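Single-structure report; data block below.
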Amino acid sequence: MVHARESTDLGGGAPGLLRCPTTDENGYRFVKLDNGLQVLLVHDPKTDKAAVACDVRVGSLSDPDDLPGLAHFLEHMLFYSSEKYPVEDEYRFAQFFICPLISRDGVDREAHAVDSEHGKNLNSDAWKALQLWKHTANPDHPFSRFATGNLETLLDGPARKNVEVHTRLKEFYEKHYCSQLMRAVIIGRESLDDLQALASSAFGPVPCRGLRAPSFSPEATPRAGLLMKAVPERSGHTLELQWRVEPELKHYDAAPCQYFSHLLGDEGEGSLFALLKARGWATDLCAGESGTSFSAASIFMVRIGLTDAGQEHVPELRFDFAEKMAPSSYATTLAGAMQVYGRHDLLLAIHHVPQRYDPELLDTVLSTLCPSEARVLWASSSFQVPTDCPLKEPWYGTAHSAGPLPAEWLTHWEAAWRGEGAALGDKDGHRFCGMHLPPPNPYIPSRFDLIKESSSSPAKIHATPLYTLWHRPETGFKVPKTAIYLHLRMPEAYLTPRAAVSTQLISRLLTDKLSEVAYPAELAGLHYGVRATTSGMLLSFWGHSHTLPRLVQTVLDSLLEFEVLPDRFELAKEHQAKDYANMRHEQPYQHGLYLLSVGLEARRWHVRDYEAVLPGVMGDSLRAFQTAMLGTVRIDALIAGNVPAADARALLQALEARLLAGRCSPLPASQRTEARVVALPSPMRAVHAVPGPNPANDNSAVVVAFQAGRDDVRRNALVDLVGHLGKREAFHTLRTVEQLGYITHLSAFWTLTVSNILVLIQSSAHSARYLQSRIDAFLPKLADSLRGMPAEEYAAHVEELAKAKLEKPKRLRDAVNTDWSEIDDGTLRFPRKELEAAAVRSITQEELVAFFEARESRGYLRVLSFWLLDTVVNPRTRRSYSVLVEGNVKEPAPEAAGSKASAAPPTADEVLVSDQYSFKRGQALYASFL
């Protein structure tokens, strides 16, 4: 449901109407400042966090030809410092656009930061594919340029040509940053008048230069009928087709691309995907407007994930209850939307709600989706270099080929386009055999009434030997929606690597079977998930209360009536093998985090174990395994939202009856699964060093976890406070000053129910061992910073963290997810956020410093049962687990903190972990909450 609400006009004069969802209680006002900057003010009386965003209407399409990446580089430089706040990192948002210093001494440092950012993308298939589309675009169009920038485009190359980059940055700012082109959004609980005063004082001084908005030719992709082949990083095959169509932004109220996105992306019975899947050719299909679109042109895309069999048949293929966003996301979305959409339709447009039906516009779009106008990117790990892909893209090094679409392909496709020949029809030439328009959607709800009761936390309302049911009625978000979590805990599911692989295959096959059901459910606002866990299988459901039970019943029926179809099993097994293999292509820091979990979780198999047993898993044994797996079950359930307790009980009672009828037994207490973590002794400096899993990735990474202890409210508060105070210091020292790598992070971190302080760095210039030595050098500096922090500043940080913990969830699902974590982990701390916020506010600066240092206060800490301070800075007592992922880097003689530094050798107190499982078997374990 939508209603119109009065809002002040852009000029501050006559009021206008802004169409809003009925549940939207915000107040809105459009303001045009004296300098021409347009601002949308949003008064949200219930928000506990303010937000501001500004869209500047300039980006990489405005880069000069001789300095690719300059717009991105300027973005980095604007954050650096300003005339009003000249101290590095002491910035305020509006000053970016008023008086940025763009200081000469920051050019070299931020150019390296941009280069590091580009370096982390070099092995990303998404970035490589985007650059291939750009590389083969119209060379005279700015879309064809390299947009990120690196040292060669921003520093070394310009230096050889005597180009003064610092001057060019200032010129770009003055040429393109103008208040008249900017659109800002401010969200807060203050009144609209107060927000308007804030907007005037903050953004009023932004310079007005009388600039016009940049415009670009739609002729970015003139090479229609193009076929590119490419070798991806990851195993597998994809086919992507693109067409240039009418600009969707100019027709947002009719949304023509959405119609074709729905019809081509449909996964239900009778759809294109269902037909391709039935033939064993496709694993997934998506269609819609591509993210590479811009104001002058839209790119419509169809992307198909291919099986090995589908790879061989490519020539034959053809082709209003709105919830709140987080304030920062909402402000960013609205600021960009103000550049494009009409004021009246702004809120509807950002949710992609079509407002009119335009058949002529649909015909125009459809006429362009013909074979001869397609640009095709066919990526396959089976292509050979240089036989299939002799060319090399200059920025990412992607092996590829480019040429016209083969004539026989076009002949075949155009015959299908005209309705001639078999194509995807049957052997007798019947067109579109088995394909039809979607039937009426049975999941569309018709009841939207809300229940009367509401609760701030879940309660256990029923328990039997087979299940425990938690329930939370919640209608405070004013949406008729429900969330359901069912964790089927089954000891057989993760008993061995073979069992874990079998459970994962069952989850994949179940999802595969349900795809034709899930798509119409998703269109109707219903969602489900099936995930294998270390305890069994997690089923999750979310959506409209009226029709969600129908989806739940369908999924449960499919699980309990599971059957293994030979052709689908082989495809699932093929896909599973590729998923395991593709883990080698994750970023090194992601690989480090994975190995950290394997090293510290008592019950965690390694992916190499999965790869070893997968070939031996056969279809005829999988059905027997599923029967055995479901032989003994214990279910933890949470049903929350717009659902009465009686309905929640009825759903679980029906499930129990179905399971017991199928000869399922309740899981005895003696066999219940545990979630336990290695308890590192004091002192312990465990180090697990491995080569990077992808030889083509030059990045190295270090991931260090300083273990604190088992879940405890006050310990958690101390760990969170160290993470909150340390993250900015770590970013400034390790990334900005020492330039170690673009990815630099310090935060509180959980290994199941055990808290840690996590520090990670990824770098293309330094070894993991050297990065670890810089973390060691940083920690005492952080201790000094905590000790020397002014009392007022410390108090402000404490309050900031406490308020962050108390921030209210913006969506029902966010609230329910928090509750589910407590139930699933067994911690049951309701309400955790309030308990930890109170603990944070009670921590004195002296206690925090003692917690972090503990050099002379170990007795005090033992009384409180806290150990992290010893862990972090005291070699005699610290407890840490490090993962070093070494890429193919040659360690330079780096300059750090003004002096020569070299990669430190292993320290005497290190325990080198060569076999993670042998290490775990020799350690004590924390108790499980389950």
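The values are calculated or read from the model by the stated rules, or taken from the named source; none is laboratory data. Just so it is clear, the structure is predicted and the values come from calculations on it, not from any experiment. Here the Cβ is made from the backbone with ideal geometry for all residues, glycine too, and neighbour counts use every protein chain on show. Protein only, heavy atoms only, side chains kept; ligands, DNA and RNA dropped before computing areas. Shrake-Rupley method; radii C 1.70, N 1.55, O 1.52, S 1.80 Å.
Here the simple spin-label model places points 7 Å from the Cα toward Cβ, and for residue 217 and residue 174 these points are separated by 3.0 nm. Can you give the FRET efficiency for residue 814 and residue 911, using 1/(1 + (r/R0)^6), R0 = 35 Å, r = Cβ-Cβ distance, to the nearest 0.05? Between residue 814 and residue 911 the formula returns 0.30. Here, P(r) means the percent of Cα pairs in each 5 Å bin from 0 to the largest distance; for the range 588-631 it is 5, 17, 15, 18, 18, 13, 11, 3.
Cβ-Cβ distance of residue 842 and residue 696, R₀ of 56 Å, FRET efficiency by 1/(1 + (r/R0)^6): the value works out to about 0.65.
Determine the distance separating the Cα centre of the range 476-503 from the Cα centre of the range 647-710; give it in Å without decimals. The range 476-503 and the range 647-710 have Cα centres spaced 12 Å from each other. The calculated FRET efficiency for residue 821 paired with residue 461, based on their beta-carbon distance and R0 = 25 Å, is about 0.85.
Accessible area per residue for the chain in Å², computed with a 1.4 Å probe and the full protein assembly in place, what is it? Write out the running numbers ahead of the final one.
On the way: 38990 Å² over 930 residues.
That works out to 42 Å² per residue.
Ligands, DNA and RNA left out, the accessible area of the chain computed with a 1.4 Å probe is 53% carbon and sulfur. In units of 2.2 N^0.38 Å, what is the alpha-carbon radius of gyration of the chain? Relative to the rule-of-thumb radius for its length, the chain sits at 0.99.
At 7 Å along Cα-to-Cβ for each site, give me the label-to-label distance between residue 441 and residue 253 in nm. So the two model labels end up 2.4 nm from each other. Charge dipole of the chain (Cα centre as origin; +1 on each Lys and Arg Cβ, -1 on each Asp and Glu Cβ, all else neutral): 1840 debye, rounded to the nearest 20. Close amide H contacts of residue 85 (hydrogens built in the peptide plane, cut-off under 5 Å, sequence separation of 5 or more or a different chain): none are found.
Protection proxy ranking for 771-783, 359-371, 167-179, using the average of other Cβ atoms within 10 Å per residue and placing the highest first: 771-783, 167-179, 359-371. Stretching the chain fully between residue 803 and residue 352 yields a gain of 159.1 nm (0.36 nm per residue, less the alpha carbon separation). Taking a point 7 Å from the Cα of residue 156 along the Cα-to-Cβ direction, the residues of the range 711-740 with backbone N closer than 18 Å to it are 740. In units of the compact-protein estimate 2.2 N^0.38 Å, the range 673-727 shows a Cα radius of gyration of 1.56. Here the simple spin-label model places points 7 Å from the Cα toward Cβ, and for residue 449 and residue 618 these points are separated by 5.7 nm.
Each Lys and Arg adds +1 at its Cβ and each Asp and Glu adds -1 at its Cβ; summed about the Cα centre, the range 59-176 shows a dipole of about 200 debye.
The largest accessible area among 452, 128, 49 belongs to the first residue in 452, 49, 128, and the rest follow in falling order (1.4 Å probe, all chains). Each part gets one Cα centre, and for the range 819-835 versus the range 127-168 those centres are 49 Å apart. Restricting the calculation to Cα atoms, every distinct pair contributes to the Kirkwood radius of the range 172-218, found to be 12.6 Å.
Protection proxy ranking for 98-105, 159-166, 248-255, 66-73, using the average of other Cβ atoms within 10 Å per residue and placing the highest first: 66-73, 248-255, 98-105, 159-166.
Farthest toward the positive end of the dipole of the chain, out of 451, 722, 680, is the Cα of 680, where the dipole comes from beta carbon charges about the Cα centre.
Just the ratio, please: alpha-carbon radius of gyration of the range 89-164 over 2.2 N^0.38 Å, N its number of residues.
The reported ratio for this selection is 1.36.
A P(r) calculated from all alpha carbon pairs of the range 459-671, with 5 Å bins opening at zero, reads 1, 7, 14, 17, 18, 16, 13, 10, 5, 1, 0 percent.
Report note on the peptides 39-46, 752-759: ranked by the mean count of other C-beta atoms within 10 Å, highest first, their order is 752-759, 39-46. Taken along its three principal axes, the alpha carbon spread of the range 487-610 comes to 44, 32, 29 Å, from the longest extent down to the shortest.
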